[in-house]
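The values are calculated or read from the model by the stated rules, or taken from the named source; none is laboratory data. Computed from a predicted model, the values in this text were never measured in an experiment. Here Cβ is always computed from backbone atoms with ideal geometry, including for glycine, and neighbour counts include all displayed protein chains. Accessible surface areas use protein heavy atoms only, side chains included; no ligands, DNA or RNA. Shrake-Rupley method; radii C 1.70, N 1.55, O 1.52, S 1.80 Å.
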Amino acid sequence: MLRVSPYDRLADGSMIKAVNRSFQEFVDAIWTADDEQGFESVARRVTRRLGFRWFAYLQIANQAPTLVSSYPKAWTSRYFELGYQQLDPVVRRARHENDVFCWGDGAPKPAGTRQQRNFFDEAMTFGIRSGVTVPIKGGFGRMAAFTLATDEPVASTSRLVIDAKLAVHLVGLYFHTHAVARLRRPTQGSSVLTQRERQCLAWVAQGKTVADIAVLVQISRRTVVFHLENARRKLDAATIAQCVGEALRRGLLP
């Protein structure tokens, strides 16, 4: 059954005011969220207010995904069991785009393998037909995507986004900023390394030389070596390469 958007019967001016009011309520509420359940509750509310059915916030760091979502549990379980975050056309597109985009049933089929082309068909068996996604770029290969989805065709999604695009974009960015600050799990030894030591190791992990790091961090080469050697001793590593591996294993690097 076609669900009527809460904005369908509003004049243009009233629609914009309603969207702005929904966004302001979200901004106020997100400050009160301090655990995953709280974040999910706040996101569910703004999702409905903006005329969508589900939301999903996916963050990928060091190939490890974190999801806060109102999607059907059967779908999210299958999604991670089959490693769909690696082939999901929406996630792949979010890695390369900066602007909000719509996707789903009725949109041009994405290029790729047959498995990738069939991805949307499988999602539709769980009712997920279309949505709008906010790509969020992070440092050192991190990325996140905030999605609002519905069981209606992409044409309906596009109409909803016309007057709410900026609000959807800001909701995604606000959610990400607060989630990173409050849902980050404490890691073993997170206070062992100084900020500068972690910074230097992170650049080594990206293949940068001591000379490169000196320029990037704006310190001398000798100081770069000093920080790297301190980190190596603290993590009881024989080499800098082993030190980087240990820091990544403990989740100490950005």
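Scanning the stretch 224-253 for residues that are touching a residue at least 60 places away in the same chain (Cβ under 8 Å) and either part of a loop (DSSP other than H, G, I, E, B) or hydroxyl-bearing (Ser, Thr, Tyr) (or both) turns up GLY251, LEU252, LEU253. Out of all the residues in the stretch 57-76, is one or more farther than 19 Å from ALA145 by Cβ, modelled with pLDDT of 90 or more and either of a type outside the set (S, T, N, Q) or surrounded by fewer than 15 Cβ atoms within 10 Å (Cβ to Cβ) (or both)? Yes, the stretch 57-76 contains a residue that is farther than 19 Å from ALA145 by Cβ, modelled with pLDDT of 90 or more and either of a type outside the set (S, T, N, Q) or surrounded by fewer than 15 Cβ atoms within 10 Å (Cβ to Cβ) (or both).
Whether a residue is in contact with a helix residue (DSSP H, G or I) (Cβ under 9 Å, 6 or more places away or on another chain) and not in a helix (DSSP H, G or I) was assessed, and TYR79 does not pass this test.
The single condition among (1) crowded, with 21+ Cβ neighbours inside 10 Å; (2) out of contact with any Phe, Trp or Tyr (no Cβ under 9 Å at 6 or more places or on another chain); (3) modelled with pLDDT under 85 that LEU193 does not meet is (3).
Note on the stretch 16-45: residues that are assigned to a helix (DSSP H, G or I) and either among the polar types (S, T, N, Q) or in contact with a Pro (Cβ under 6 Å, 6 or more places away or on another chain) (or both) amount to 5. Does SER158 count as open to solvent by less than 10 Å² (accessible area, probe 1.4 Å), farther than 20 Å from PHE175 by Cα and touching a residue at least 24 places away in the same chain (Cβ under 8 Å)? For SER158, the condition - open to solvent by less than 10 Å² (accessible area, probe 1.4 Å), farther than 20 Å from PHE175 by Cα and touching a residue at least 24 places away in the same chain (Cβ under 8 Å) - is not met.
When residues in the stretch 201-254 are screened for being more than 28 Å from the chain's Cα centre (by Cα) and of a type in the set (Gly, Ala, Ser), 7 of them pass. Figure legend. Inter-residue proximity from the stretch 192-205: first residues of a type in the set (Asp, Glu), second residues open to solvent by less than 10 Å² (accessible area, probe 1.4 Å) and outside any loop (DSSP other than H, G, I, E, B), beta-carbon distance below 7 Å, spacing 6+ or different chains. Indicated pairs: GLU197/ALA231.
Checking the stated criteria, LYS208 turns out to be at pLDDT 90 or above, of a type in the set (D, E, K, R) and in a loop (DSSP other than H, G, I, E, B). Considering only residues in the stretch 27-56 that are more than 23 Å from LEU160 (Cβ to Cβ) and in contact (Cβ under 8 Å) with a residue 12 or more places away in the chain, the one that is least open to solvent (accessible area, probe 1.4 Å) turns out to be ALA33.
A single entry from ILE136, ILE128 fulfils the requirement of being on the phi < 0 side of the Ramachandran plot, in a loop (DSSP other than H, G, I, E, B) and at pLDDT 90 or above: ILE128. Look at GLN218 and say whether it is on the phi > 0 side of the Ramachandran plot, open to solvent by 60 Å² or more (accessible area, probe 1.4 Å) and either modelled with pLDDT under 90 or of a type in the set (Phe, Trp, Tyr) (or both). Yes.
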